[in-house]
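Since the structure comes first, as structure tokens, the remarks are kept for the end.
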Amino acid sequence: MTEDGHVVTVLHGARDASERDAVMDSFRSGKSKVLITTNVLARGIDVNQVNMVINYDLPVDARGNPDFETYLHRIGRTGRFGRTGVSIAFIHDQKSWKELDAFQQYFGVEMIKIPTKDWEETEEMIKAGIKPFYSIFLTVQHLRQSN
């Protein structure tokens, strides 16, 4: 992403408190536009300019069952302060399809599958989703086919 001109910061549990604070200050101020993080930030941060959350994997608990509360906290980053946004989940195998279905059933929603064969269409659907809040998913298979 940095090669494409994006200012990216990374946050994970191995960083000490001062490093985490510096990363968050950079992201909050808008100096960094992309924050890649582990579950360390699934809860407890309020950053009002977040309009997209991408779940590379869906959260599961210690027993491997879908973790609905953590998922809600993750995607809730896009809905802070009355704003709306998009949550994307990458789906890549039968297990992640089952997890996705469990999240849909639990929250009583139907997530929208975004086609990835036509990136212009994909971009338009994501932009449209930022207006009302949508939770969408992409399949890794489609991502691999389009590259």
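What follows draws every value from the coordinates through simple rules; no lab data is involved. Quick caveat, the model's predicted, so the values are computed rather than measured. In this analysis, Cβ positions are derived from the backbone assuming ideal geometry, glycine residues included, and neighbour counts consider all displayed protein chains.
Below, the figures for the structure above:
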{"quantity": "Part-to-part distance (alpha-carbon centres) for segment 88-103 and segment 54-73, which is given in Å", "calculated": "10"}
{"quantity": "Burial ordering of Phe103, Phe90, fewest other beta-carbon atoms within 10 Å first", "calculated": "Phe90, Phe103"}
{"quantity": "Calculated SAXS-style log₁₀ I(q)/I(0) at q = 0.24, 0.30, 0.32 Å⁻¹ - segment 1-41, Debye, Cα scatterers", "calculated": "-0.78, -1.05, -1.11"}
{"quantity": "Entries in Lys31/Lys113; Lys33/Lys117; Lys98/Lys127; Lys95/Lys117 that, when Cα-Cα distance is taken, lie over 29 Å", "calculated": "Lys31/Lys113"}
{"quantity": "Charged-residue dipole, Cβ positions (Lys, Arg, Asp, Glu), segment 1-41 about Cα centre, Debye nearest 20", "calculated": "140"}
{"quantity": "Amide proton proximity set for His92, modelled H, under 5 Å, gap of 5+", "calculated": "Trp97, Val140"}
{"quantity": "Sorted by Cβ density within 10 Å, fewest first, the residues Glu121, Glu3", "calculated": "Glu3, Glu121"}
